[in-house]
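Engineer: This is the structure, below, for whatever I ask next.
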Amino acid sequence: MMRGGILVSHGALLLAAVVGTVVAGTDTMLTIVLAGLTVSVLLIAGQYLQMVLLRRADLLGMAGTLAGFGMRVAALGLALAVWLSAAGRYPVIRPWGVVVGATTVTLGWLVGVLSTYRRLRIPVFDEPPATGPDDDVRRERR
C-alpha cells in the first residue's frame, strides 16, 4: 500500500511542480517540491510506524496505530505551520506554493493508498469452495 501512495503522491507532486513553474516561476516550483517532500517524508515514516505496530496482535498494537494516526496529522499540521511562518523570513518561499505542495502530496497519497487497498484480496471475504452437490444448490439459491 505504501508503494501506491508514494507513486501517486510523487506523480501528483511532479505535475504540481511543472504547473507551478509555468504559472509563477522557479521559486514557486522549489517551494512546492520542498513542501511536498517534507509531507512525503512524514507520511512514509507514519506508514512505516503503522506497519510495525500492526504486527502486534495485542492492545498496544491497536493503541499505537491510533496514536500514530493522530501524531501523523499533528506532524503534518506542524510542518505546514513551520513552512508558512518561514515564508515571512525567506522571500523565496511562496505561501501558496507550500499549501499546493502539501495538499497535492497528501491527496495523492490518499488516492494511491486507497486505490491499492481497493485491489487487495482479503481471504476472509472469499466464497468457500464447493465440495459437494449441496454446496452448488445453496450457491444457486443466492
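The values are calculated or read from the model by the stated rules, or taken from the named source; none is laboratory data. Given the structure is predicted, the values throughout are model-derived calculations rather than measurements. Cβ placement follows ideal geometry from the backbone for every residue including glycine, while neighbour counts extend to all protein chains displayed. Ligands, DNA and RNA are excluded from the accessible area calculation, which covers all protein heavy atoms including side chains. Shrake-Rupley method; radii C 1.70, N 1.55, O 1.52, S 1.80 Å.
Here is a yes/no grid of residues against (1) more than 14 Å from V105 (Cα to Cα); (2) open to solvent by less than 30 Å² (accessible area, probe 1.4 Å):
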| site | (1), (2) |
| --- | --- |
| V8 | no, no |
| T26 | yes, no |
| V33 | no, no |
| S40 | no, yes |
| M51 | yes, no |
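Engineer: Here is a further query. Does R56 satisfy being modelled with pLDDT under 90 and assigned to a loop (DSSP other than H, G, I, E, B)? Break it down stepwise before answering.
Structural biologist: Values: modelled with pLDDT under 90: yes; assigned to a loop (DSSP other than H, G, I, E, B): yes.
When the stated conditions are applied, R56 passes them.
Engineer: From the residues in the stretch 79-109 that are hydroxyl-bearing (S, T, Y) and surrounded by 13 or more Cβ atoms within 10 Å (Cβ to Cβ), which one is farthest from S9 (Cα to Cα)? Spell out the reasoning first.
Structural biologist: Initially, the stretch 79-109 is screened for residues hydroxyl-bearing (S, T, Y), giving 85, 90, 103-104, 106.
Among the residues that remain, those that are also surrounded by 13 or more Cβ atoms within 10 Å (Cβ to Cβ) are: 103-104, 106.
Working: T103: 10, T104: 7, T106: 7 Å.
Ranking the qualifying residues of the stretch 79-109, first place goes to T103.
Engineer: Continuing with the same structure: Considering each of A75, A67 in turn, give the residue that is modelled with pLDDT under 85 and either out of contact with any strand residue (DSSP E or B) (no Cβ under 6 Å at 6 or more places or on another chain) or in a helix (DSSP H, G or I) (or both).
Structural biologist: Values: A75 fails: modelled with pLDDT under 85.
Every option except A67 fails the conditions.
Engineer: For the stretch 53-78, give me each residue that is surrounded by 12 or more Cβ atoms within 10 Å (Cβ to Cβ) and either at positive phi or charged (D, E, K, R) (or both).
Structural biologist: R56, R72
Engineer: Output the qualifying pairs, or none if there are none: Cβ atoms under 9 angstrom, residues six or more apart or on different chains, first residue in the stretch 85-98 and within 20 Å of V23 (Cβ to Cβ), second residue charged (D, E, K, R).
Structural biologist: From residues that are within 20 Å of V23 (Cβ to Cβ), the pairs are A87/R94; P91/D27; V92/D27; I93/D27; R94/D27; G97/D27.
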